[in-house]
Amino acid sequence: MILYKTEEEVQLIRESAEILGRAHGEVAKLVKPGVKTKDLDKVADEFIHDHGGEPSFKGYNGFPAALCISENEQVVHGFPSGYELKDGDIISIDCGVFYKGFHSDSAYTYPVGEISPETMSLLKATKESLYKGIEQAKFGNRMGDVSYAIQKHVEDRGYTVVRELVGHGLGRSLHESPEVPNYGKRGRGPKLQDGLVIAIEPMVNLGSRNIVQENDGWTIRTRDRKPSAHYEHTVAVFKDRTEVLTTHKYIEEVFKL
Ligand code: MG
Ligand code: MG
C-alpha cells in the first residue's frame, strides 16, 4: 500500500532533508586522500544528533553506521571503516535522517583527488540520469516513465543499470511502497499521485550490470570489479509540481568539480 503524504507530513520530511543536506555538506569538506571513511561517518553521526535527528541507517536491520560508504567497485551498503581514501578513488556516500517522525534519504558519489576521465564520465552520466528520472516524476505519469528515463540515459552512454536494488517510497518508514526501479517501460507501473514521496536512486556500473554481495552480508559490489556510481534524492509529487526535498547544494558549495 502506498502511503500518500499530507502537506504537513511533507513539511516534516523537508525539515529532515535540510538536516540531511547539511550533514552531507559537513562530510564533503573532508572527502580527500588520506581520510579514513570511519571519520566521515563520525562527522555525519554527530552533526545529525546535534541537530535533533537520528541517522536513519544506524541500527536498520543491524547496519552499524550513519553512512553507507561504498568505494570504487562497491555499489551500495558499504561500511565506514579504517580504509583510507586515496587519489583516484570514487566513493558513494549515502545517508538518511529521521527527524520528527519522518525519514529523508540522499546519496552522492565523489571523485577523490584526480580520477580517470572514464570514471568521471560515469559519475556525470549517473547524476544526469537521476535528474532525468526526476523530470518524469510528475503527477499523472507512471513509475515506468521514471524508470525508463533513467535506463535510457544510462544505456545510451554505454553504462549499465543495477536491477536488483531499487529506489523506494519513504516517510514514517525508511523503505515504503512503491519500488522505484532504475529500468522499465514507459506507461507501466503505478500512477504517480498527489502526496507521493519517493527516493530515486540510480546505481550505474561502468562494466556489466551484475553484482555480488560480500561476505559481510551488506556490501554490494560489481561482479567484474569495475566502478559503480550512485546518486539519490527524495522527491515529492504534487498535483501541480514536483519538489526535490533533499539537496546536494551543501555538497556542491564545498566540493567543486
Ligand atoms: Mg539512500
Ligand atoms: Mg534510498
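The values are calculated or read from the model by the stated rules, or taken from the named source; none is laboratory data. None of these values were measured; they are calculated from a predicted model. Don't worry about glycine lacking a Cβ; one is built from the backbone with ideal geometry, like all the others, and counts go over all protein chains shown. Only protein heavy atoms, including side chains, enter the accessible area calculation; ligands, DNA and RNA are left aside. Shrake-Rupley method; radii C 1.70, N 1.55, O 1.52, S 1.80 Å.
Which one of the conditions (1) surrounded by 19 or more Cβ atoms within 10 Å (Cβ to Cβ); (2) within 16 Å of ligand 2 (Cβ to nearest atom) does Y110 fail to meet, given that it meets all the rest? Exception for Y110: condition (2). Hey, can you tell me all the residues within the range 88-122 that are farther than 27 Å from K185 by Cβ and in a helix (DSSP H, G or I)? If the condition is that a residue be farther than 27 Å from K185 by Cβ and in a helix (DSSP H, G or I), then P117, E118, T119, M120 are the ones that fit. Among the residues of the range 179-201, those identified as open to solvent by less than 50 Å² (accessible area, probe 1.4 Å), more than 16 Å from ligand 1 (Cβ to nearest atom) and touching a helix residue (DSSP H, G or I) at 6+ places or on another chain (Cβ under 8 Å) are G184, G187, G189, L192, G195.
Residues in the range 151-175 that are within 16 Å of ligand 2 (Cβ to nearest atom), open to solvent by less than 30 Å² (accessible area, probe 1.4 Å) and either in contact with a Leu (Cβ under 9 Å, 6 or more places away or on another chain) or aliphatic (A, V, I, L, M) (or both): V161, V162, H168, G169, L170, G171, L174.
Listed here are the residues, each with its yes/no results for (1) of a type in the set (S, T, N, Q); (2) under 30 Å from D145 (Cα atoms).
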| site | (1), (2) |
| --- | --- |
| G82 | no, no |
| L85 | no, no |
| F102 | no, yes |
| D105 | no, yes |
| E114 | no, no |
| M120 | no, yes |
| S129 | yes, yes |
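Can you find a residue that is within 22 Å of Y159 (Cα to Cα) and either touching a Gly at 6+ places or on another chain (Cβ under 8 Å) or polar (S, T, N, Q) (or both) anywhere in the range 57-67? No, that holds for no residue.
Filter the range 115-150 down to the residues that are open to solvent by 60 Å² or more (accessible area, probe 1.4 Å), in contact with a strand residue (DSSP E or B) (Cβ under 7 Å, 6 or more places away or on another chain) and not charged (D, E, K, R), then identify the one that is farthest from E73 (Cα to Cα). Step by step, filter the range 115-150, then rank; the result is F139.
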